[in-house]
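Structure, as C-alpha cells:
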Amino acid sequence: MMRITLTLFTLLILLIASPTVRADTDLQALRPLLDQHTMAVGRVDMTTLDIDAVVDAVLRQVDRIGQITGTDLAQPKAAAEGVRALAKVWQTQFTTAGGQRLYFIFTPAMFPNDAGEVVAVIAPLTPDADAQAIIASLSHQMSPVPKPPRNRAVKQIGSAVVAGHSRLVEHFEHAVRPVGRPNLLQGLKEIKDAPIGIVQALSPDHRRVFAEMPISTRGTISELDIAQFAADLRYATAKLTHDDGLTIECAGQFNDVAGAQRATLLGRQAIELMIREDPDTPPQVIAALFQLYKPHIPQPDRVTLRWTEQEIDRIIDSLRPALMQARAQANQATSMANIRQTLVAIISYEDKHKAWPNSLQQLVDTGFLPSLPRSPLQSVNPNPYVYIKPDTKPVSTPYETILLYERTKAPAGTGQVILAGYADGHVEKHDDEAALPESHRKK
C-alpha cells in the first residue's frame, strides 16, 4: 500500500511540475545563446497558439477601420487569409516534428550584414523532438524565419535548432560568449503562459550607449530623458492572449519605486510632446491616446498597460469623426491635384491650337491627357469633373474664370464642397454655389 501511495504521489508531483520543467528546459537551451549583445527575446508557443483566433481578431479590426474610413481593404484581408492558411500548415508540420516553442533572439552582434538581419530563430529540442524534421520545417519557405535573399542557414547548436542569416548562425555556434542575463530570463518566465510574448532587457553595454548618447541626438528623439529610462528599467514584457478575444498586456519592471514613477510620467510627457509638435491633432485622437495610456501599478516598482479587444473597439469607434475627416481631407487634396493636372492639359491645348477643347475626352484623344481623371471623392455628379468651355479666346480675367469644377459632398455627409480650377491654373475650394457661373448652379 505504501509503495502504491508513493508512486501516485510521485506521478502527481511530476504532473504539477511539468510546465516548470518544460520552461526550464527551454531556458537551458537559450542560456548559452544569450550574450551582452542580446536586446530582446520573443516567444511563440506553437502548441497553444490559435492562429484562427488571432487572424479573425485582426480581420475584425480591419473591417471596422474599413467601415469607418470607407476604404477598400480587400487586398490586405486576402493577404491575411493567405497567411492564415500557410501558418496553419507550417504549425502542423513543426509540432508533428516535436517542436513546441519558437524563440526570436534580437541581436545586433553581426549587424550590418548583407540582408540587414538582426533576428535569429531558436527552437529548443525536447527529448521527443526529431531534430532533422525541425531543421527541415525551419528551412521551409513557409517558416517564420527571416528570409534574406541568400546566406540562410539552419543547424542544430547544442540542444536547440538555430535558423537565420548564416553569419548570425555562425556567431551563435562559435563566437557567442554567454553572460548571465537574469533580467531577460526572469522576463521569459513571466510570459511563458502566453501564446505570444516578448521580453526586452538592456545589458550594461546597451545602457552605456544610451548614457553616452549626444544631447543633440537625444533631443531629436524627443525632449525626454531616454537615458534615465534605460537606467531605471530592469526589463519590459509584452504578451498577447486570445482566450476571450485578443488581449495585449505590456509591463515594465523597474529597479525601484522612483524609476516606475519616472517611467509613468515619461509616457504622459511623450503624448504631450506629440500633441505640442502637431497642434492640429484632432481632439478625438488626443482623447484616444490618453485612453490607451492608462498605466496600472500592481506593485510599487512595476507599471502595466493592458488593452482588451473590446476596449480597442471602443477607441477605434471614438476615432470615427477624426478618421473620416482625415480621409476627406486626403481625398480632397488628391482631387485638387487631378484638377490642376487637367487644367495644365486644357491650357496647353489652347496654347497649341488657339482654341479651347470641346470636351475632356478631346484632351485624351489628342494626347494631352493619358485618360479621364477619376475622383476619389463621393461626387454628386455622374461625371465628377465638369468642364466649362469659355465663350471667348483669350479669357480676359483668367484668375476669375472657372474651367473645371467638381461638386462633392461635405466630409460630414451634409452640405457640399465645390472644387474649382481657374484659367490661370490655380484651384480653390468653395462652400456654396455662388462661385459657379449661374448656368451651372443648382436650381
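Can you find a residue that is part of a helix (DSSP H, G or I), in contact (Cβ under 8 Å) with a residue 40 or more places away in the chain and of a type outside the set (Val, Ile, Thr) anywhere in the stretch 75-83?
Checking the stretch 75-83: not a single residue is part of a helix (DSSP H, G or I), in contact (Cβ under 8 Å) with a residue 40 or more places away in the chain and of a type outside the set (Val, Ile, Thr).
Thr304 fails exactly one of the following numbered conditions: (1) in a strand (DSSP E or B); (2) assigned by TED's automatic domain parsing to the domain that holds Gly425. What is the number of that condition?
(2)
Considering only the stretch 75-89, state which residues are among the basic types (Lys, Arg) and closer than 15 Å to Asp50 by Cβ.
Arg84, Lys88
Looking only at the stretch 176-192, how many residues end up being in contact (Cβ under 8 Å) with a residue 24 or more places away in the chain and out of contact with any Ser or Thr (no Cβ under 8 Å at 6 or more places or on another chain)?
Qualifying residue count, the stretch 176-192: 9.
Starting from residues that are touching an Asp or Glu at 6+ places or on another chain (Cβ under 9 Å) and closer than 20 Å to Gln261 by Cβ, keep the ones in the stretch 293-311 and report whichever is surrounded by the fewest Cβ atoms within 10 Å (Cβ to Cβ).
Pro300
Evaluate the following for Ala109: is it outside any strand (DSSP E or B), at pLDDT below 90 and touching a Pro at 6+ places or on another chain (Cβ under 8 Å)?
Considered against the rule, which asks whether it is outside any strand (DSSP E or B), at pLDDT below 90 and touching a Pro at 6+ places or on another chain (Cβ under 8 Å), Ala109 comes out as no.
Just the residues that are among the polar types (S, T, N, Q) and surrounded by fewer than 18 Cβ atoms within 10 Å (Cβ to Cβ), please, taken from the stretch 94-103.
Thr95, Thr96
Just wondering, is there one or more residues in the stretch 62-70 that are among the charged types (D, E, K, R), surrounded by fewer than 17 Cβ atoms within 10 Å (Cβ to Cβ) and assigned to a loop (DSSP other than H, G, I, E, B)?
no
Given the criterion out of contact with any Pro (no Cβ under 6 Å at 6 or more places or on another chain), assigned to a loop (DSSP other than H, G, I, E, B) and modelled with pLDDT under 85, identify the matching residue among Val395, Val417.
After ruling out the rest, the residue left standing is Val395.
Do we find a residue being under 30 Å from Arg234 (Cα atoms) and either out of contact with any Cys (no Cβ under 9 Å at 6 or more places or on another chain) or surrounded by 13 or more Cβ atoms within 10 Å (Cβ to Cβ) (or both) anywhere in the stretch 312-324?
yes
List every residue pair whose Cβ atoms sit under 9 Å apart, with the two residues 6 or more apart in sequence or on different chains, where the first one lies in the stretch 349-378 and is surrounded by fewer than 11 Cβ atoms within 10 Å (Cβ to Cβ) and the second, anywhere, is of a type in the set (A, V, I, L, M, F, W, C).
Matching pairs, first to second residue: Lys352/Phe368; Pro370/Val364; Ser371/Val364.
Taking only the stretch 211-269 into account, find how many residues are modelled with pLDDT of 85 or more and either touching a Cys at 6+ places or on another chain (Cβ under 6 Å) or not in a helix (DSSP H, G or I) (or both).
Qualifying residue count for the region: 21.
Just give me the residues in the stretch 47-89 being under 22 Å from Ile134 (Cβ atoms) and among the hydroxyl-bearing types (Ser, Thr, Tyr), in sequence order.
Thr47, Thr48
Provide a single number: the residues in the stretch 176-197 that are part of a loop (DSSP other than H, G, I, E, B) and over 25 Å from Met46 (Cβ atoms).
So the count comes out to 4.
Considering only the stretch 289-311, I want to know if a residue exists there that is without any contact (Cβ under 8 Å) to a residue 40 or more places away in the chain and more than 30 Å from Gln253 (Cα to Cα).
No.
The values are calculated or read from the model by the stated rules, or taken from the named source; none is laboratory data. Being a predicted model, the structure only gives us computed values, none of them experimental. Glycine also receives a Cβ, built like all others from the backbone with ideal geometry; neighbour counts cover every protein chain displayed.
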